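What follows is one structure encoded as structure tokens, with my remarks underneath.
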Amino acid sequence: MQNNIPRSEHPNPQWQRAGWKNLNGTWEFDFDFGLSARDKKLFEKNEKLPLEIVVPFCPESKLSGIAHTDFINGVVYRRKFEISEAEKSGNIFLHFGAVDYTAYVYINGKFVGKHKGGYSSFKFDITNAAVVGENTVFVIAQDDVRSGKQPRGKQSSNFYSIGCDYTRTTGIWQTVWLEFVPKSYIKSAKYYADINACTLTVVGETVGKGKLTIDTSFDGKATGSTEVDCVGGGFTAVVKLTEKHLWELGVGGLYDVSLKFGDDTVSSYFGLRSVALDGMKFKLNDRTVFQRTVLDQGFYRDGIYTAPTDDDLIKDIKLSMDAGFNGARLHQKVFEARFLYHCDRLGYMVWGEEGNWGMNYNDPQATEFFLNEWMEVVERDFNHPALIGWCPFNETWTYVEGRAANTMLSSIYNFTKRIDTTRPVIDTSGGYHFITDIFDVHDYDQNPETFKARYIPLLEKGELYDDKHPRVVHRQEAYGGEAVFVSEYGGIQWNADNSVGWGYGVAPKTEEEFITRYKGLTEALLSNPAILGFCYTQLYDIEQEINGLYTYDRVPKFDMKIFKEINTQKAAIEE
């Protein structure tokens, strides 16, 4: 790819073909505040749009060249691209990493598809609409974070960012690209790695008939292959691996996979690892691992939802590891596949979460929209070894407290478990649980002594208390003895530049007080053998929220060696 194309790298290294073209860069652009672009049939007209924008950055961001931060309910995009005769000989797919929220896409004035969901990736088959030579793609995006019908995550529903809500994102915010695929091709593949049998089972689908060949290798050395006849439709193939290399935290360790079907070749990879719950313990590759995770919300000063460069994705992972964390809760946002690739490569475990805030949970249509988008997320990210669990919702207090019975949380939990039997699922993080594999809590008590004391009954009596509500536990039924995860704590304020900011509790007066508080809170969790992990809030400041260990520009506020020493102490549950 050309160096002058922003975010020019392939957006999904786990499913990569040689024939692809990055469409990032300068596009024509305009606002559509009246939501009239479709009525006006702008997609059929040749007039140049009045503005320009740099894709994949949203119009609210500085990197887009627009930097309009008021509410935007509609935008339109146009750009031209070339198709060669060779590229036109097969299928042509137009991919979008993400568009917030509803996208209408046209090629050469012809409608090719509509997609709802601001966090999930999607593609359209544009083979019949595209022509050899010059083509035009036109995108209409509509977005309303205050509708109650769409997940908005941490995008503020007020004009200003406030508390833990930040600048909004509208329209295209991830890479747009073309993929050129033969008429007969591999449609999908899900990987099931077995560390005991040392096998890789591939369950997928092809379009067309033929022989599918799967070759695996590790560090360039062949490690097993298999062939299977496909008649068009589903297939199952098993590769017996000749060498065993486990995917490990802080190390990674990925097998390369080549899938060949006729003229179609897909380059991919997988990690040989297992995750499981064993009583109160979380196990990776049959070994108890304490989850030393941090809250990562995926915001960037100039790109907002979009990392300015691929190196910025890598940097956030390494900053976390430098502070002694072995993973992250990817919070209220579905991160791009490229970020997960780097987590896979570096051996950094993550929890996948949807940006559910902003939904009216009692609206059946909102639940329908959420379900469809969440299905796309789980399917896209299933093969990433770094992804060790799913958590579709965060803090659904209002919904649960207003209803006597719950169907949404349990339905989404059951749905997720049926798509993915290999990972634990938390129904909602920090809320009233109804059906969950892990019982997680959010606790921002700033006093290490009372914080520690709260979890002693869990160890001694198997009881879990809630300090914010009169119920003994975080759900309408009794705590059932599930593994416990303190998935938000800390949030200690520290203002690095003395500007006004927001955080949890009363800010420490000195660096020494900050570190003492952090140490006390963290060691309270590490020392409790009934707790499987923690998630500290948070990795870096975001706009007005100043409870990061790093500033918004990723500058360390303290000596990270101090936090690494605290975080990497052996946990009691690891004995």
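The values are calculated or read from the model by the stated rules, or taken from the named source; none is laboratory data. Just so it is clear, the model here is predicted, and its values are computed rather than measured. So basically every Cβ, Gly included, is an ideal-geometry build from the backbone, and we count neighbours across all protein chains shown. Just the protein is used for accessible areas: all its heavy atoms, side chains included, with ligands, DNA and RNA removed. Shrake-Rupley method; radii C 1.70, N 1.55, O 1.52, S 1.80 Å.
Calculated over the range 288-374, the projected area of the Cα convex hull averaged across directions stands at 7.1 nm². Compute the acute angle (0 to 90°) between the alpha-carbon long axis of helix 337-346 and the principal axis of greatest extent of the alpha-carbon atoms of the chain; round to the nearest 10°. Once rounded, the angle reads 60 degrees.
Within 12 Å, Cβ to Cβ, of His68, how many net charges do the neighbouring residues add up to if Lys/Arg are +1 and Asp/Glu are -1? Result for the local shell: -1. As a length-normalised measure over Cα pairs under 8 Å and 6 or more apart, the relative contact order of the range 250-336 settles at 21 percent. Put simply, the amide H of Tyr166, placed in the peptide plane, has neighbours under 5 Å in Gln155, Ser156, leaving out anything fewer than 5 places away on its chain.
Of the peptides 531-537, 265-271, the order by per-residue mean of other Cβ atoms within 10 Å, starting with the highest, comes out as 531-537, 265-271.
Sorting the segments 54-63, 445-454, 113-122 by their mean number of nearby beta carbons within 10 angstrom, highest to lowest, gives 54-63, 113-122, 445-454. Counting protein heavy atoms only, the range 22-126 has 48 percent of its accessible area on carbon and sulfur, 1.4 angstrom probe. DSSP bridge analysis restricted to the chain gives an antiparallel fraction near 75%, rounded to the nearest 5.
How large is Rg/Rh for the chain, to two decimals, with Cα atoms and a Kirkwood Rh? Computed over Cα atoms, the ratio is 0.96.
Taking the 0 to 90 degree range and rounding to the nearest ten, how far is the long axis of helix 364-381 tilted relative to the main principal axis of the chain, both from C-alpha atoms? So the helix axis and the longest Cα principal axis differ by about 80 degrees.
What number comes out for the charge environment of Asp286, summing +1 per Lys or Arg and -1 per Asp or Glu over other residues with Cβ under 11 Å away? Once all neighbours under 11 Å are counted, the net charge is +3. When the listed pairs Lys123/Lys557; Lys509/Lys561; Lys187/Lys315; Lys240/Lys318 are checked against a 30 Å cut-off, the alpha-carbon distance exceeds it for Lys123/Lys557; Lys187/Lys315; Lys240/Lys318.
In percent, rounded to a whole number, the relative contact order of the chain is 13, using alpha-carbon pairs under 8 Å and six or more apart. Restricting the count to DSSP beta bridges whose residues both fall in the range 218-368, what percent are antiparallel, rounded to a multiple of 5? The antiparallel fraction comes to roughly 65 percent. By the Kirkwood approach, averaging reciprocal distances over each pair of separate Cα atoms, the range 176-217 gets a hydrodynamic radius of 12.5 Å.
Going by alpha carbons, how many degrees (0 to 90, nearest 10) lie between the helix axis of 511-526 and the longest principal axis of the chain? Around 90 degrees separate the two axes. Karplus-derived 3J(HN,Hα) values for the range 420-435, using 6.51 cos²θ - 1.76 cosθ + 1.60 with θ = phi - 60°, are 9, 8, 9, 10, x, 10, 9, 5, 8, 7, x, x, 7, 7, 10, 8 Hz; glycine and proline are entered as x. Close amide H pairs (under 5 Å, H built 1.01 Å from N) link Phe122 with Phe96, residues at least 5 positions away or on another chain.
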